[in-house]
Amino acid sequence: MAASWLVFLALCLLLPLLLLGGWKRWRRRRAARHVVAVVLGDVGRSPRMQYHALSLAMHGFSVTLLGFCNSKPHDELLQNNRIQIVGLTELQSLAVGPRVFQYGVKVVFQAVYLLWKLMWREPGDYIFLQNPPGLPSIAVCWFVGCLCGSKLVIDWHNYGYSIMGLVHGPSHPLVLLAKWYERFFGRLSHLNLCVTNAMREDLAENWRIRAVTVYDKPASFFKETPLDLQHWLFMKLGGTYSPFRARSEPEDPATERSAFTERDAGSGLVTRLRERPALLISSTSWTEDEDFSILLAALEKFEQLILDGHKLPSLVCVITGKGPLREYYSRLIQQKCFQRVQVCTPWLEAEDYPLLLGSADLGVCLHTSSSGLDLPMKVVDMFGCCLPVCAVNFKCLHELVKHEENGLVFEDSEELAAQLQMLFSNFPDPAGKLNQFRKNLRESEQLRWDESWVQTVLPLVMDT
């Protein structure tokens, strides 16, 4: 704690010198077609900003990406010589004083620290900023843009104040202050992008901010996984997570078997096991806007159907991600006495996540959106892998999930359990609803991120 205070005080005292040094540096040299991208969060868990950086680099821009480096980004990002990742240090909450004071100190520290980092970086034509989190990054990036002539581009994923409202309540003074801050500084940007038409309309009507809708689209590496690669992944994950391990030993000891597949020792041919379990996957940030008790209750009902004699497969449920409520739900899962359902909560490497999506039978999404105006990127990635989805309903979900076309929409655990029963009845059934949804996704000819970005974002950064 003392070290954090010393760093904070040192930055405040050195701020005038840092500003002067950075200003002189800017005056000496400014590179053409350079973009600074900022996310005041984990770069590895910010796929949309990674995609922006890759697309900018692909079209001739050099990119400096600032963010926390808590998890590994995609290899494409790390291997691109046009992209430089600059790690930011996250200040842990102070253990003294009231929570409002602790939060205030953290915001001030982040503001001074981010300003210092930006001042000593090569200035860009644009500053791309992810929001949320936007406190204090919107104000800092706007100020830096004013000093160096950079145009501020805010990519609105959601509203930060609405996420705070889940914890503190919508009428809490901090939430109201955050809402005012977000609206006031948001209007000072040069360009605004957002993730849904509903958010674009809300920004225009209630915030007087004009934005362009840039839907999340899957990157090129989100696709169906070949069977031999599925087997390799299952064997790899089986080394750590028991649900991926074989339920029984093969007759030939040289045969390699996972819970879902086996490789013939002689021919090397990989086949799916006839009595394999179904593989269900959900990904999450383990936050308050996703109620996983809905899924756990549905799994209990699904298991009871199996025990009652319904023709349903055993189920492996994988819930991947990191976040503040992970330990809470892990304890709930451990308290369940499942017999035919296995649940594991791994954190996957960036390269393994799309492979697992492309290997699964069904995706489940419990994202409800704190504002009701953003869409779950996990569903976008699942659709990129032609993976059908069951998603909990909320205001603008219809912009992504088409009920009875590429998946199903549910309201509660009862409805989700009924959908699982219907989709997995007589599994694996080539003529079943699950395969029909997958066929619809294959035939939909979805745009990929790069194609969508060229149509929507590239003209904006080239024209201005």
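Some points to look at:
The rows are residues; the columns are (1) without any contact (Cβ under 8 Å) to a residue 12 or more places away in the chain; (2) within 30 Å of L227 (Cα to Cα); (3) within 24 Å of the chain's Cα centre (by Cα).
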position: R274; (1), (2), (3): yes, yes, no
position: L279; (1), (2), (3): no, yes, yes
position: A297; (1), (2), (3): no, no, no
position: E303; (1), (2), (3): no, yes, no
position: D308; (1), (2), (3): yes, no, no
position: I319; (1), (2), (3): no, yes, yes
position: Y329; (1), (2), (3): no, no, yes
position: Q334; (1), (2), (3): yes, no, no
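- Among residues that are in contact with a strand residue (DSSP E or B) (Cβ under 9 Å, 6 or more places away or on another chain), over 27 Å from M199 (Cα atoms) and of a type in the set (A, V, I, L, M, F, W, C), L88 is included.
- Qualifying residue in the range 379-387 (condition: touching a helix residue (DSSP H, G or I) at 6+ places or on another chain (Cβ under 8 Å) and either without any contact (Cβ under 8 Å) to a residue 24 or more places away in the chain or over 18 Å from P354 (Cβ atoms) (or both)): no
- Residue in the range 124-135 that is aliphatic (A, V, I, L, M), part of a loop (DSSP other than H, G, I, E, B) and open to solvent by 40 Å² or more (accessible area, probe 1.4 Å) present: yes
- Those residues of the range 188-224 which are part of a loop (DSSP other than H, G, I, E, B), touching a Gly at 6+ places or on another chain (Cβ under 9 Å), crowded, with 20+ Cβ neighbours inside 10 Å and of a type outside the set (A, V, I, L, M, F, W, C), in sequence order: S189, K217, P218
- Flag for L227 being open to solvent by less than 50 Å² (accessible area, probe 1.4 Å) and touching a residue at least 60 places away in the same chain (Cβ under 8 Å): no
- Residue count for the range 46-68, restricted to those that are aliphatic (A, V, I, L, M) and either within 15 Å of I127 (Cβ to Cβ) or free of Cβ contacts under 8 Å to residues at least 24 places away in the same chain (or both): 6
- Condition check for S258 on (1) in contact (Cβ under 8 Å) with a residue 40 or more places away in the chain; (2) touching a helix residue (DSSP H, G or I) at 6+ places or on another chain (Cβ under 9 Å): one failure, at (1).
- Of residues in the range 58-81 being in contact with a Leu (Cβ under 7 Å, 6 or more places away or on another chain) and assigned to a strand (DSSP E or B), the one farthest from S285 (Cα to Cα): V63
- F185 being touching a Pro at 6+ places or on another chain (Cβ under 7 Å) and surrounded by 20 or more Cβ atoms within 10 Å (Cβ to Cβ): no
- Long-range neighbours under 7 Å by Cβ, at least six apart or interchain, first residue closer than 14 Å to G134 by Cβ and at pLDDT 95 or above within the range 170-193, second part of a loop (DSSP other than H, G, I, E, B) and open to solvent by 90 Å² or more (accessible area, probe 1.4 Å): R187/R208; N192/R210
- Comparison of E404, E414, E399, E451 shows that the only residue that is without any contact (Cβ under 8 Å) to a residue 40 or more places away in the chain and surrounded by fewer than 17 Cβ atoms within 10 Å (Cβ to Cβ) is E404.
- Every test in (1) surrounded by fewer than 21 Cβ atoms within 10 Å (Cβ to Cβ); (2) touching a Cys at 6+ places or on another chain (Cβ under 9 Å) is passed by I154 save one, and that test is (1).
- Subset of the range 243-273 [over 20 Å from G358 (Cβ atoms) and surrounded by fewer than 12 Cβ atoms within 10 Å (Cβ to Cβ)]: S248, E249, E251, P253, A254, G266, S267, G268
- The range 157-177: number of residues that are buried (at least 23 other Cβ atoms within 10 Å of the Cβ) and of a type in the set (A, V, I, L, M, F, W, C): 1
- Hits in the range 392-410 - residues which are within 21 Å of A219 (Cα to Cα) and in a strand (DSSP E or B): G407
- Put simply, of F427, F437 the only residue that is open to solvent by less than 80 Å² (accessible area, probe 1.4 Å) and out of contact with any Gly (no Cβ under 9 Å at 6 or more places or on another chain) is F427.
- The helices (runs of 4 or more DSSP H) found entirely in the range 248-365 that carry 3 or more residues being of a type in the set (S, T, N, Q) are 326-335.
- Test: residue in the range 35-57 that is in a loop (DSSP other than H, G, I, E, B), surrounded by fewer than 19 Cβ atoms within 10 Å (Cβ to Cβ) and out of contact with any Asp or Glu (no Cβ under 6 Å at 6 or more places or on another chain): no
The values are calculated or read from the model by the stated rules, or taken from the named source; none is laboratory data. Fair warning: this is a prediction, and the values are worked out from it, not measured in the lab. Every residue, glycine as well, gets a Cβ built from its backbone with ideal geometry; the counts of neighbours run over all protein chains shown. When the accessible area is computed, the model is the full protein with side chains, heavy atoms only, and any ligands, DNA or RNA have been set aside. Shrake-Rupley method; radii C 1.70, N 1.55, O 1.52, S 1.80 Å.
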